[in-house]
1. Condition (residue is surrounded by 11 or more Cβ atoms within 10 Å (Cβ to Cβ), modelled with pLDDT of 85 or more and at positive phi) applied to the stretch 38-59: is it met by at least one residue?
2. Within the stretch 155-168, identify whether any single residue is in contact with a helix residue (DSSP H, G or I) (Cβ under 7 Å, 6 or more places away or on another chain), modelled with pLDDT of 85 or more and either surrounded by 14 or more Cβ atoms within 10 Å (Cβ to Cβ) or assigned by TED's automatic domain parsing to the domain that holds residue 31 (or both), and answer yes or no.
3. Can you confirm whether the stretch 89-99 contains a residue that is in contact with a helix residue (DSSP H, G or I) (Cβ under 7 Å, 6 or more places away or on another chain), farther than 29 Å from residue 137 by Cα and modelled with pLDDT under 90?
């Protein structure tokens, strides 16, 4: 069977999901370093069983997408089916790691331009700021923004209706070629 229409359709689907996920990151102000934004991509692969659309992105994307529960607050996210679910990730008191490492926040603090002052009006050290932010994240967690789940849900709704048309087009193209071959 000729599968060009289906492959074009799946490539359009992949492009749509990537574009929407990137837009959601930017609108959610979660695009400070552009590292995650630039890492989002897709591939359409074919094998004997058909086509597969795979999405790739930085490893920390899952935490931003689904959130991370803190030690004092549970976090939720909406999955691609539109159902609200509890985050599968959490900061637990295992081996003393109940918050992210302060060092990991240093660049983020600089890029965000965070420079609070203490009671006396003096600027606080970045080390103190990063510790306080890490402690807060450990307690409150990270709210998931469903930057990938929501576009996936919308893409499945939008493209699901069109998929049968692409399959139909491929079948008709195959029938036309087979009919022409049989006539010769």
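1. no
2. Taking every residue of the stretch 155-168 in turn, at least one turns out to be in contact with a helix residue (DSSP H, G or I) (Cβ under 7 Å, 6 or more places away or on another chain), modelled with pLDDT of 85 or more and either surrounded by 14 or more Cβ atoms within 10 Å (Cβ to Cβ) or assigned by TED's automatic domain parsing to the domain that holds residue 31 (or both).
3. no
The values are calculated or read from the model by the stated rules, or taken from the named source; none is laboratory data. Computed from a prediction, not measured in an experiment: that's the story for all the values here. Quick reminder, even Gly has a Cβ in these numbers, built from the backbone with ideal geometry, and neighbours come from all protein chains shown.
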